[in-house]
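Worksheet: one structure, shown below.
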Amino acid sequence: MSKIAIMGAMPEEVEPIVEKLQDVKRTVYAANTYYEGTYNGHDVVVAYSKIGKVFATLTATVLLEKFGCEKLLFSGVAGAISDELNIGDLIIADGLCQHDLDITAFGHPFGYVPEGEVCIPTDVILRNVAKKVAASKGLVLKEGVIATGDQFVANPERKEWIGSTFEASALEMEGASVAVVCSSLEVPFFILRAISDSADMDASFNFDEFLESSAKISADFILSMVDAIE
Ligand code: ADE
């Protein structure tokens, strides 16, 4: 069985996972804390990165390169772009893009830099595991593009722009970093988010109110996935 990295951005996103681990060993490395342990016999390493693309890149890299994880599952919350996503709904990314990456001055599309891709696809096998788990639990799992940027979006115009430019269903601040690291190192990865807000005028209030409950919905689902991964 492979060693699985489970990553979030904030303490609220990983605490429901860390508290379910057995034989936990805590390691501080590169100014961050990593929890190695087992979950129903599966070896896992859990960490939260802190918010944003740079911290997420660091943590994902450490999980793969120092701890030797062979798969990475991300659990956390997101702002909804699609009207079909309500607070607490789960969405899995089929691809991730960076909505704040802009060298359009040189004639490139938004989100693109030479030798990169606008949208990085997630692992199909892990997505299929998630769909099976959802079906077995009678849970609805939405699927779509998730847009990442170093910006808490609380603005309807910005949200609409991200939605139409990248055909994105939800937005957050870490997923595309994980995608860049994992695809570069050829490690299968999976991004799950539960909706905490709608990236509109009420976003910061909704986020504060629903962060914990939505993070828990996502974390519980990720633990079920660990059980289902071979
Ligand atoms: N994560 C959850 N809600 C978000 C928002 N509105 N903007 C960016 N990241 C988020």
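Exactly which GluC sites (Glu not before Pro) in the stretch 125-209 are in a DSSP loop and have at most 10 other Cβ atoms within 10 Å?
Filter output for the stretch 125-209: Glu186.
Run the numbers for Thr165 and Ala135: contour at 0.36 nm per residue of separation, minus the present Cα-Cα distance, in nm.
Stretched fully, the Thr165-Ala135 segment lengthens by 7.7 nm.
In debye to the nearest 20, how big a dipole does the stretch 4-228 give about its Cα centre with +1 on each Lys and Arg Cβ and -1 on each Asp and Glu Cβ?
Its charge dipole is roughly 600 debye.
Between Lys66 and Glu209, what is 0.36 nm times their sequence separation minus the Cα-Cα distance? Round to one decimal in nm.
47.9 nm
Dipole of the stretch 83-215 (Lys/Arg Cβ +1, Asp/Glu Cβ -1, origin at the Cα centre): which of Ser164, Cys182, Thr104 lies farthest to the positive side?
Value: Cys182.
Identify all lysines with a Cα-Cα distance to Lys3 below 25 Å; exclude those on the same chain that are fewer than 8 residues away in sequence.
Output for Lys3: Lys20, Lys25, Lys50, Lys53, Lys66, Lys71, Lys131, Lys132, Lys137, Lys216.
In whole angstrom, and with the biggest value first, how far do the Cα coordinates of the chain range along each principal axis?
The Cα atoms of the chain stretch 50, 37, 32 Å along the principal axes, largest first.
Only the coordinates and a few stated rules stand behind these numbers; no lab work does. What you see is a predicted model, and the numbers here were worked out from it, not measured in a lab. A quick note on method: Cβ atoms are made from the backbone with ideal geometry, for glycine too, and the neighbour counts reach across all protein chains shown.
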